[in-house]
Amino acid sequence: MMLTELRFGELEGCIFGFDIDRNGLIKAECTNSECRREITFVATETHKCKKTTQISYPHICHCNWLSNVLHPIHKYPLPSPSHLFFTHSISSLSLISLHSSFCSITMASAVSAVVSLPSSKSASISTRTSLISQERVSFTKVPYYKNVSSNGKSLSIRAQVTTEAPAKVEKVSKKQEEGVVTNKYRPKEPYVGRCLLNTKITGDDAPGETWHMVFTTEGEVPYREGQSIGVIPDGIDPKNGKPHKLRLYSIASSALGDFGDSKTVSLCVKRLVYTNDAGEEVKGVCSNFLCDLKPGAEVQITGPVGKEMLMPKDPNATVIMLATGTGIAPFRSFMWKMFFEKHEDYQFNGLAWLFLGVPTSSSLLYKEEFEKMKEMKPDNLRVDFAVSREQTNDKGEKMYIQTRMAQYDRELWELLKKDNTFVYMCGLKGMEKGIDDIMVKLAAEDGIDWVTYKKQLKKEGQWNVEVY
């Protein structure tokens, strides 16, 4: 994409000249030498294929159709209603609108612009760009004129803006939500499956036991990768004399199940045993029920539930997975689909990057499976372990998951600026704050407020959290 060396736009009485630095950031400076107010923008593009990405320069548009958008990233509030700025794409000059909301185009109109450059050889360029949004912005239906000058040459701009009633646009999810079933089975009428397999998957010296278990569903619990099921443990709650309440567990198998026939569901469960303030040993009701199950035993199942952690639709996406302990469950389901299975409608060609935090190496879960996946597709999988009681960083600090991520902070931040990067977090609640601490500084270096940016990622389904 070729851009003019200098473009002009008006904002609160200032005439801004636009230029691009080597990082692809658009710098706007008032042309009045006594003012010199500056704004920084980031350029993005929307292709015909409906994807929006940050533009790098030089750039080639492979689908031969795009609309360019300038997003303010400087802490400078744009006034309302929207003001008009100019960009230049390949062979046409497009007039677009900016709104004060971060990364939000609110123009619901068709816009035309004609630019004349008086010279010995008169040139005229015209284009029409349509932008549709859920939000309505009103414009006065009168021509807009502005005369500006550059290097002594007069530049006359005339634009006619006409508004149309915006079409109602439904939000299109970036996740695999089509046909997802939720709450087919409820506590009053659960599905009754049987335990097929129950195996301890942590070493004898690990701090606590974790078990992998497989239950029959006969295809009656149609779950997806990233969903959860409820389990109702046998017995009566001594506190109220009623049956125990269900507990939710993230599913650890792909939709095809560990046996590939869509007739089983797997869980990854840590046995909860602790000592209370009175010095008494307390056992978690459901975790101990599950870890003690023998093959053939019945188990009451509810669900499936949840859409927060569903996989991205895009098979070329970058999927960053952050897990502590049994929080690995949904990511095992992801990675089985990505690397062990073949689907007519899904073949993963992106990057899966797993960060797994555990206390000891004997607590690493599914390590052999991940190594096999890495063997199969070395260019599509990265795995980084954080073993807090055995590893330290260069400063001698314990290696928690956020400590490990800090070693790749800039690489991760660059990935997070792409519209096909998805972050999934599952496990202990504390790790999200640690990751926020990493990103706040890096975002600020690019003039971006991390809290605002993370909200936008969540809105787009690119930041997904399930912590406890």
*Could you grab the pairs with beta carbons closer than 6 Å, sequence gap of 6+ or different chains, first residue in region 438-456 and within 17 Å of Asp419 (Cα to Cα), second one outside any helix (DSSP H, G or I)?*
Ile448/Ile73; Thr452/Phe102; Lys454/Trp463; Gln456/Cys103
*Cβ-Cβ under 8 Å pairs, at least 6 apart or on other chains, region 273-294 side farther than 18 Å from Lys245 by Cα, far side acidic (Asp, Glu)*: Val273/Glu281; Tyr274/Glu281; Thr275/Glu281
*Here are some conditions: (1) under 19 Å from Lys200 (Cβ atoms); (2) of a type in the set (A, V, I, L, M); (3) open to solvent by less than 20 Å² (accessible area, probe 1.4 Å). Ala297 meets all but one. Which one does it not meet?*
(3)
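Out of the residues in region 318-348 that are among the basic types (Lys, Arg) and open to solvent by 20 Å² or more (accessible area, probe 1.4 Å), which is modelled with the lowest pLDDT?
Just the residues of region 318-348 that are among the basic types (Lys, Arg), to begin with: 332, 337, 342.
Those left that are additionally open to solvent by 20 Å² or more (accessible area, probe 1.4 Å): 337, 342.
Numbers: Lys337: 97, Lys342: 92.
Selected residue: Lys342.
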_In region 271-292, the residues that are more than 19 Å from Asp204 (Cβ to Cβ), open to solvent by 10 Å² or more (accessible area, probe 1.4 Å) and either touching a Pro at 6+ places or on another chain (Cβ under 7 Å) or of a type in the set (A, V, I, L, M) (or both)_ = Ala278, Val282, Val285, Phe289
*Among the residues of region 182-237, write down those that are under 29 Å from Ser363 (Cβ atoms), among the polar types (S, T, N, Q) and open to solvent by 30 Å² or more (accessible area, probe 1.4 Å).*
Thr199
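May I ask you to verify whether Asp314 is assigned to a loop (DSSP other than H, G, I, E, B), of a type in the set (Asp, Glu) and under 27 Å from Glu432 (Cβ atoms)? Full working, then the answer.
Details: assigned to a loop (DSSP other than H, G, I, E, B): yes; of a type in the set (Asp, Glu): yes; under 27 Å from Glu432 (Cβ atoms): yes.
In short, yes.
Answer with yes or no whether Leu310 is open to solvent by less than 10 Å² (accessible area, probe 1.4 Å), under 20 Å from the mean Cα position of the chain (by Cα) and in contact (Cβ under 8 Å) with a residue 24 or more places away in the chain.
Values: open to solvent by less than 10 Å² (accessible area, probe 1.4 Å): yes; under 20 Å from the mean Cα position of the chain (by Cα): yes; in contact (Cβ under 8 Å) with a residue 24 or more places away in the chain: yes.
Yes, satisfied.
The values are calculated or read from the model by the stated rules, or taken from the named source; none is laboratory data. Not measured: the values here are computed from a predicted model. Ideal geometry is used to build each Cβ from the backbone, glycine not excepted, and the neighbour counts take in all protein chains shown. We work out accessible area using only protein heavy atoms, side chains counted, and drop any ligands, DNA or RNA first. Shrake-Rupley method; radii C 1.70, N 1.55, O 1.52, S 1.80 Å.
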